[in-house]
Amino acid sequence: MTEKIYKILLDDKLLGTTKLEFSDPPMGVVFGQINFAEKSFGYASIKKYCIDNLIEIQTDYPNDKLISTGHIAKLKVYNSENLELVGIGNNIEGMDSDNYTITILGLDSEVYEKEFPEHILDYEQSFNK
């Protein structure tokens, strides 16, 4: 199976990509590490964007350069067919010395089943151990 790569856009500009390699299928949640298009993007850029756009900052540790945002309306994720994965929310969290993840919350079950069958299979198999 080929690995799926998802484009992440912020304000219609390429922020980076993700594999959305982690999940919580019953909750309709997927998340994955962000590979930023610009290597300089990180804590300072995310914090400035949130402040400038009145986005809630849920966690902020400036000394560690660790941040977690609330929902960012202009943060979009697209699959290889250029279809947007729309949930009820999303956020970015992480720190400069480690990595950042993007989370999409509350994806519709039909979209989830079509886009992430491997996550559903992994979840179902976890009960057969």
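The values are calculated or read from the model by the stated rules, or taken from the named source; none is laboratory data. Computed from a prediction, not measured in an experiment: that's the story for all the values here. Cβ sites come from the backbone with ideal geometry, for glycine too, and all protein chains shown count toward neighbours. Areas reflect the complete protein model, heavy atoms only, side chains present, ligands, DNA and RNA absent. Shrake-Rupley method; radii C 1.70, N 1.55, O 1.52, S 1.80 Å.
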Provide a single number: the residues in region 19-42 that are of a type outside the set (Lys, Arg) and over 16 Å from Tyr112 (Cβ atoms).
9
Hey, could you check region 53-85 for residues that are without any contact (Cβ under 8 Å) to a residue 24 or more places away in the chain and within 15 Å of the chain's Cα centre (by Cα) and say which is farthest from Leu9 (Cα to Cα)?
Gly70
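Let's see how each residue does on (1) closer than 22 Å to Tyr6 by Cβ; (2) in contact with a strand residue (DSSP E or B) (Cβ under 9 Å, 6 or more places away or on another chain); (3) crowded, with 19+ Cβ neighbours inside 10 Å:
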| position | (1), (2), (3) |
| --- | --- |
| Asp52 | no, no, no |
| Asn79 | yes, yes, no |
| Ile88 | yes, yes, no |
| Asp98 | yes, yes, no |
| Ser109 | yes, no, no |
Failed criterion for Lys48 (all others in (1) open to solvent by less than 70 Å² (accessible area, probe 1.4 Å); (2) of a type outside the set (Val, Ile, Thr); (3) at pLDDT 95 or above hold):
(1)
Per-region count, region 56-76, residues among the basic types (Lys, Arg) and closer than 18 Å to Gln33 by Cβ:
2
